[in-house]
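Student: What follows is a single structure, and I will ask about it in a moment.
The values are calculated or read from the model by the stated rules, or taken from the named source; none is laboratory data. What you see is a predicted model, and the numbers here were worked out from it, not measured in a lab. Heads up, the Cβs are rebuilt from the backbone with ideal geometry, glycines too, and the neighbour counts pull from every protein chain shown. What goes into the accessible areas is simple: the full protein's heavy atoms, side chains included, and nothing from ligands, DNA or RNA. Shrake-Rupley method; radii C 1.70, N 1.55, O 1.52, S 1.80 Å.
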Amino acid sequence: MEHTKRLEELNKETLEKLEEYMKAKGTGTGENHEKIGAAKDKWQSAWTEFLETLVVLEKLEI
């Protein structure tokens, strides 16, 4: 479970750095903002699926 906590910390750190970068560079409006939002949503979906896979693997004790 320790590895899961570390991965969650890394995900949180990644999202925080993305937010900082977006504020520093300015995401603008319109198409670029939508693309960044879509990519962030896709990242979160993949992250959730990854965590679900880890839970299954832990149950199987792999």
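Student: For region 24-40, which residues satisfy the criterion of being open to solvent by 100 Å² or more (accessible area, probe 1.4 Å) and modelled with pLDDT of 80 or more? Step through it out loud before you land on a result.
Tutor: So the first thing to find is which residues in region 24-40 are open to solvent by 100 Å² or more (accessible area, probe 1.4 Å), and the list is 25, 29, 31, 34-35.
Scanning region 24-40 gives Glu34, Lys35.
Student: Just the residues that are of a type outside the set (Val, Ile, Thr) and either open to solvent by less than 60 Å² (accessible area, probe 1.4 Å) or touching a Leu at 6+ places or on another chain (Cβ under 9 Å) (or both), please, taken from region 4-18. I'd like the intermediate steps shown before the answer.
Tutor: Of the residues in region 4-18, the ones of a type outside the set (Val, Ile, Thr) are 5-13, 15-18.
Leu7, Glu8, Asn11, Leu15, Leu18 - these are the residues of region 4-18 that are of a type outside the set (Val, Ile, Thr) and either open to solvent by less than 60 Å² (accessible area, probe 1.4 Å) or touching a Leu at 6+ places or on another chain (Cβ under 9 Å) (or both).
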